[in-house]
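Remarks on the structure that follows.
The values are calculated or read from the model by the stated rules, or taken from the named source; none is laboratory data. Note that this is a predicted model, so its numbers are computed, not measured. As a convention, Cβ positions derive from the backbone with ideal geometry for all residues, glycine included, and neighbour counts pool all protein chains shown. Heavy atoms of the whole protein, side chains included, go into the accessibility calculation; ligands, DNA and RNA do not. Shrake-Rupley method; radii C 1.70, N 1.55, O 1.52, S 1.80 Å.
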Amino acid sequence: MGTLNNLSLGWLTPALSYLMACAGAALGLRCTLRGLTASGPARRNWLVTAAAAIGSGIWTMHFVAMFGFTVDGTELRYNVPLTLLSLVVAVLVTGLGLTVVCYGRHRGLSLLSGGVTTGLGVAAMHYLGMAALRMHGGLHYDPGTVALSVLVAVGAATAALWSAVTIRNVYAAAAAAMAMGLAVSCMHYTGMAAVHVRLEPTRTELGGVSPMEFVFPLAVGLGSFLFLASAFVALSPTAQERAGYRAAGEPSIGEYPGEPPHPGPAPHGPAPAEAGAGQRAA
């Protein structure tokens, strides 16, 4: 059996991975709230952004945490197609869960269905990411701990979706994002507690790529996307703010393109109709 270590870099990787999960959750919950107050294509676009934020945040959290995972006696590499598939699964299943919640007619049933769907997607992402791991040996799981990790994922997803459709206060939303980040982190480390490695000494080369060659650049790119998108969403006006601007006669940020902010000065001289009338009188 190989000796596992999930904290080979100390508490740096758990702290960074938690921040990534919180950033994705905060952005996703904010975009979901915007989607609930929108309609038509705008709602769809907000939900797509929310799914990308939450899914990529969870994926980034997982692989940042995996930088602290080592196994004595073997190097670790990753299969690229499976690693990318785990990211796609996280985004798509999160999007499905958000769609069920936002378009469902019965709120309680929609929350339950969306939470179960999203939670299973989070768990699938985690274990697909683990299946992408390459080492001189094989991974084995404790079934009871795996089941517990799936339950944690479903509970976290349901609570997050409930927060997205219920919470309107900014401070409460921030607390919900931190709670969701903690729940996702707990799910990850619960799943890692189920892992056992049986080493198989061999001289064959491992396939795949090292974490620094592929996973690290992708995680940095997704992390940058989360923070930049968060800044954009924070600066863009809400539907209520847009309505306030219109009521005050002031254009919002989204109304400037193609529209002058204020009517221009009246042209000098008589208006065309008045000029015509003057000529007829003469």
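Roughly to the nearest percent, how much of the accessible area of the range 57-119 is carbon and sulfur, given a 1.4 Å probe? Intermediate results must be reported in sequence, preceding the final value.
Details: 1770 of 2580 Å².
Looking at the range 57-119 in its full context, I get 68 percent from C and S.
For the pair Leu182/Tyr103, report the inter-label distance in nm, with labels modelled 7 Å from Cα in the Cβ direction.
3.5 nm
Taking R0 as 30 Å, what FRET efficiency do you get between Arg44 and Phe216 from their Cβ-Cβ distance, rounded to the nearest 0.05? Could you put the intermediate results ahead of the total?
Details: r = 33 Å, r/R0 = 1.09.
With R0 = 30 Å, the Cβ-Cβ based efficiency is 0.40.
Where q = 0.19 Å⁻¹, what log10 of I(q)/I(0) comes from the Debye formula for the range 1-146, counting one point per Cα?
-1.12
Hey, how much of the P(r) for the range 113-219 falls beyond 21 Å, as a percent of Cα pairs?
Values: 2783 of 5671 pairs.
Every Cα pair in the range 113-219 considered, those over 21 Å come to 49 percent.
Given Cα pairs under 8 Å that are at least 6 residues apart, what percent is the relative contact order of the range 26-166?
Numbers: 175 pairs, mean separation 40.1, N = 141.
Relative contact order, the range 26-166: 28 percent.
Over the heavy atoms of Leu47, what accessible area does a 1.4 Å probe trace out, to the nearest 10 Å²?
The value for Leu47 is about 10 Å².
Ser8 label point, 7 Å along Cα→Cβ, cut-off 13 Å on backbone N: hits in the range 125-166?
134-136
Ranking request for peptides 205-211, 125-131, 51-57: highest mean number of other beta-carbon atoms within 10 Å first, then the rest in descending order. Please report the intermediate quantities before stating the final value.
Values: 205-211: 14.3, 125-131: 20.9, 51-57: 27.7.
Highest-to-lowest ranking by the protection proxy: 51-57, 125-131, 205-211.
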